[in-house]
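The structure appears below as structure tokens.
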Amino acid sequence: MSAEIRVAEHSGLFVTFEGGEGAGKSTQIRRLADQLRRRGHDVLVTREPGGSPGAEAVRHVLLSGAAEEFGVRMEAILFAAARNDHVEEVIRPALESGAVVLCDRFIDSSRVYQGVTGNLEWDFIERLQRIAIDGVMPDCTLILDLPAEIGLKRARKRGAGNAPDRFEREEIETHEKRREAYLEIAEAEPERCHIVNAERSEEEIADEIFAVVEPLARELGFTHSSSAESVG
Ligand code: TYD
């Protein structure tokens, strides 16, 4: 599926979080960041669309629905423009400095939201992503999985008083289709993707995520100390 995407070398660890609405991504990212920082890791938390000044400017256009009337192709290109700015201004420099980068949504959101439920050709989406990320592919992706109905209920409760955004307004079947699309991506890329059952308690979910990410972050620490030793 993504086999043609070139992967750039970096010394940090790039972890992305994906899933439908109300899956609890931001809570889990916060918890993981705290746990990793307590163990001495340099952690950067970021999100999409947004994460850099240029991308935040595009975020408003996308989430308000201002670009919707121009079609899903236009929206996909705007998401990609925001992603490229975010990668070059924030993510790549952080990875090059050896940080653990935790990002709320990334390439798989475009594949699922614009590609699958937006009905854009897969090849178009993949070509766009290749340009947007220029080799900065996640090392690990946690897909927080739960039935669309439960996720939407949670998202509505969380946003009580606020109008749902452009993507939250869509029908339940669309949200269910996205869930299936995420599961298919995980099946196609089992080394990168981990499905996490998000119907459980916050603690149980956090424990599973930590068990997946901490060994990767630890490996990073070893890489650094051994390369420091070989220099000396
Ligand atoms: P956001 O308010 O950040 O919510 P969430 O908690 O769901 O992450 O909204 C981001 C919305 O943008 C979300 O509905 C998914 C959508 N999106 C895309 O359609 N394509 C993309 O490439 C990205 C990054 C997000």
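Which of I209, I131, I91 moves most in a GNM of the chain, Cα contacts under 10 Å?
I131
Hey, what angle do you get for helix 122-133 against the long axis of the chain, alpha-carbon based, 0 to 90 degrees rounded to 10?
Taking the Cα atoms of the chain, the angle to 122-133 is about 40 degrees.
Sort 193-199, 100-106 for me by packing, meaning the mean count of neighbouring Cβ atoms within 10 Å per residue, highest on top.
My ranking of the peptides, most packed first, is 100-106, 193-199.
To the nearest 10 degrees, how steeply does helix 202-231 sit against the main Cα axis of the chain, on a 0 to 90 scale?
The answer is roughly 40 degrees.
Quick check: residue separation of E189 and E203 times 0.36 nm, minus the Cα distance between them. What number comes out in nm?
Additional length available on full extension: 2.4 nm.
Inverting the mean 1/r over all pairs of different Cα atoms, compute the Kirkwood radius of the chain and quote it in Å.
That comes to 18.2 Å for the chain.
For R127 and T174, FRET efficiency with R0 = 25 Å and r from the beta-carbon atoms, rounded to 0.05?
0.55
Multiplying the sequence separation of A211 and A33 by 0.36 nm and subtracting their Cα-Cα distance, what value in nm do you get?
Full extension from A211 to A33 adds 62.7 nm.
With the chain treated as a Gaussian network of Cα nodes joined by springs under 10 Å, which of G50, G40, G22 yields the largest mean-square fluctuation?
Largest GNM mean-square fluctuation: G40.
Bear in mind these aren't lab numbers, they're just calculated from the coordinates by the rules spelled out. Worth saying up front: this structure is predicted, and the values here are computed from it rather than measured. Here Cβ is always computed from backbone atoms with ideal geometry, including for glycine, and neighbour counts include all displayed protein chains.
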